[in-house]
Amino acid sequence: MKQTYTPEQVRRCCIAYANGQSVSELAEILGIPRSTIYTWIKREQQQQEESKKEEQQQEESKMKEEQLLK
């Protein structure tokens with residue numbers, strides 16, 4: 001049966017990785033395959049990149065609006 005993990009577990013694992021813990025250490029401590037952790041990290045990085053792009057687009061749109069109103 002496929003093991004499922006809560007979003008909180010995934011988030012904590014990604015934070016631990018970002019704080020310097022290795023994937024191998026996390027896999028051993030949590031009993032999770034390294035490939036799963038790598039997938040989580042990749043997904044988290046993609047989500048962060050998308051969020052940054054959205055913020056940049058909103059900021060650019062706001063700046064254009066302000067310029068038009070001048």
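Could you list, in sequence order, the residues of segment 22-70 that are of a type in the set (Lys, Arg) and under 20 Å from Glu8 (Cα atoms)? Give the steps one after another, and end with the answer.
Taking segment 22-70 and keeping what is of a type in the set (Lys, Arg), we get 34, 42-43, 52-53, 62, 64, 70.
Matches in segment 22-70: Arg34, Lys42, Arg43.
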Six or more apart or on different chains, Cβ atoms under 7 Å: show the pairs whose first residue is in segment 3-23 and among the aliphatic types (A, V, I, L, M) and whose second is in a helix (DSSP H, G or I). Val10/Trp40; Ala16/Leu26; Val23/Tyr17; Val23/Arg34; Val23/Ile37; Val23/Tyr38
The number of residues in segment 40-70 that are in contact with a Cys (Cβ under 9 Å, 6 or more places away or on another chain) and either open to solvent by 100 Å² or more (accessible area, probe 1.4 Å) or in contact (Cβ under 8 Å) with a residue 40 or more places away in the chain (or both) is 1
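The values are calculated or read from the model by the stated rules, or taken from the named source; none is laboratory data. From a predicted model like this one, the values you see are computed outputs, not experimental measurements. We place every Cβ from the backbone using ideal geometry, glycine too, and count neighbours over all the protein chains shown. Areas reflect the complete protein model, heavy atoms only, side chains present, ligands, DNA and RNA absent. Shrake-Rupley method; radii C 1.70, N 1.55, O 1.52, S 1.80 Å.
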